[in-house]
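Everything on this sheet refers to the single structure shown next.
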Amino acid sequence: MKPKITIYSLGGTIAMSNESNQQGVAPRLTADDLVKAIPQLNDHAEIETNSFLKLASANLTFKHLIELAHEIEQSIARGKQGFVITQGTDTIEETAFALQLICQIKGINQCPIVITGAMRNPTQVSADGSANLLAATIIASSQESNYRGVLVAFNDQIHLPQYISKTHASALDTFSSAPYANCGAIIENQVKYFMPAHLPPLKLDQTLADDLTTMGDEIDIPILKPGIAESPSLIEMVTDSGAVGVILEAAGAGHISVPWATAIKACAEKMPVILASRAKGYLPQNTYGYEGAEIDLLSHGLISAGMLSPLKARVLLAILTSSKNKMSLNQIKTHFKAFE
Ligand code: ASP
């Protein structure tokens with residue numbers, strides 16, 4: 001018996017087409033349109049489609065993802081065994097990680113949920129959407145994908161949500177898990193995993209599941225990324241703005257200028273401030289001892305993003321601060337520690 005899977009389309013380049021009176025492509029295709037174009041999908045699964053949204057991915061919100069997770073939860077109860085989500089590539093690194101956390105909170109990580117998209121739209125020569133959708137369907141149909149939670153399938157590679165990032169504005173191999181590694185690949189239409197299932201070791205409180213439903217459309221957590229000789233006036237504005245928290249995208253191993261250090265320490269007395277890096281890789285905690293370096297900032301209440309990129313740190317902080325029972329700084333720190 002073939003596994004029963006649902007393919008949800010959210011929009012993005014994979015679902016874009018043009019109209020004669022308009023310049024450029026926009027999301028128009030349904031999940032059914034995408035599936036009908038690839039008869040081979042039916043060799044691998046019994047497929048149901050759901051045209052969930054038709055958006056460019058910059059318009060996706062936490063609310064959409066929470067609704068989608070709810071749909072998935074109900075489909076699991078109806079006997080569906082795997083899920084594919086097609087969406088725009090621009091924000092996959094955020095949505096995949098957010099959906100992973102939401103599914104962990106809801107306790108629905110048993111079935112594979114595989115996100116994919118396309119870099120070339122269906123009107124272009126050698127569009128990649130069909131190959132990506134086929135790969136995602138094969139992954140979602142494989143029992144080997146169970147208990148791996150959310151995965152991203154792109155260009156025959158399988159990536160974990162906590163590591164993936166979009167590295168190029170137009171290249172087909174834009175997605176990379178570097179400096180960490182992708183967890184598997186599709187080879188000759190077979191799923192190959194290179195590592196065991198690895199969900200973030202988060203102890204997310206199930207009570208957060210109720211709080212998630214109250215998440216607003218807009219989340220006030222700015223990412224601040226200073227260049228050299230930048231005035232700290234932006235931090236001062238944010239400190240007084242009523243923001244929920246701040247992600248500081250510092251240089252190198254988590255370094256900022258002395259004026260920025262003074263301002264961000266004052267900010268950290270009012271709200272959670274996460275120290276992340278504009279460079280890739282794990283954030284050191286105990287190497288540099290000057291004012292504005294990581295030892296100084298972490299000892300003044302900033303929380304290390306560990307291996308999370310600034311965008312992913314923002315996703316985690318957004319979810320943690322959605323709790324009605326406001327989390328203490330220490331509780332927030334404990335959750336970020338899972339990524340150290
Ligand atoms: N360029 C985007 C994509 O690859 C558009 C989007 O993210 O919706 O799908």
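Numbers at a glance
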{"quantity": "Positions within the stretch 112-133 being under 26 Å from residue 71 (Cα atoms) and buried (at least 22 other Cβ atoms within 10 Å of the Cβ), in sequence order", "calculated": "112, 113, 114, 115, 116, 117, 118, 129, 132, 133"}
{"quantity": "Single residue of 88, 79 found to be under 30 Å from residue 206 (Cβ atoms), in contact with a strand residue (DSSP E or B) (Cβ under 8 Å, 6 or more places away or on another chain) and part of a loop (DSSP other than H, G, I, E, B)", "calculated": "79"}
{"quantity": "Per-region count, the stretch 106-133, residues in contact (Cβ under 8 Å) with a residue 60 or more places away in the chain and touching an Asp or Glu at 6+ places or on another chain (Cβ under 7 Å)", "calculated": "4"}
{"quantity": "Qualifying positions in the stretch 3-55 - within 16 Å of the ligand (Cβ to nearest atom), of a type in the set (Gly, Ala, Ser), assigned to a loop (DSSP other than H, G, I, E, B) and surrounded by fewer than 20 Cβ atoms within 10 Å (Cβ to Cβ)", "calculated": "24"}
{"quantity": "The listed residue being farther than 23 Å from residue 164 by Cβ and of a type in the set (Ser, Thr, Tyr), out of 75, 57", "calculated": "75"}
{"quantity": "Selection status of residue 93, charged (D, E, K, R), under 19 Å from the mean Cα position of the chain (by Cα), under 19 Å from residue 206 (Cβ atoms) and at pLDDT 95 or above", "calculated": "no"}
{"quantity": "Total residues in the stretch 235-254, condition out of contact with any helix residue (DSSP H, G or I) (no Cβ under 7 Å at 6 or more places or on another chain) and buried (at least 20 other Cβ atoms within 10 Å of the Cβ)", "calculated": "1"}
{"quantity": "Leading residue by the ranking (nearest to residue 137 (Cα to Cα)) among those in the stretch 56-72 that are surrounded by fewer than 17 Cβ atoms within 10 Å (Cβ to Cβ) and of a type outside the set (Val, Ile, Thr)", "calculated": "71"}
{"quantity": "Tally of residues being more than 30 Å from residue 188 (Cα to Cα), touching a residue at least 40 places away in the same chain (Cβ under 8 Å) and within 16 Å of the ligand (Cβ to nearest atom) across the stretch 60-102", "calculated": "5"}
{"quantity": "Within the stretch 226-248, considering residues that are in contact with a Lys or Arg (Cβ under 9 Å, 6 or more places away or on another chain) and in contact (Cβ under 8 Å) with a residue 40 or more places away in the chain, the one nearest to residue 323 (Cα to Cα)", "calculated": "245"}
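The values are calculated or read from the model by the stated rules, or taken from the named source; none is laboratory data. Model, not experiment: these values are computed from the prediction. Cβ: placed from backbone, ideal geometry, glycine included. Neighbour counts: every protein chain shown.
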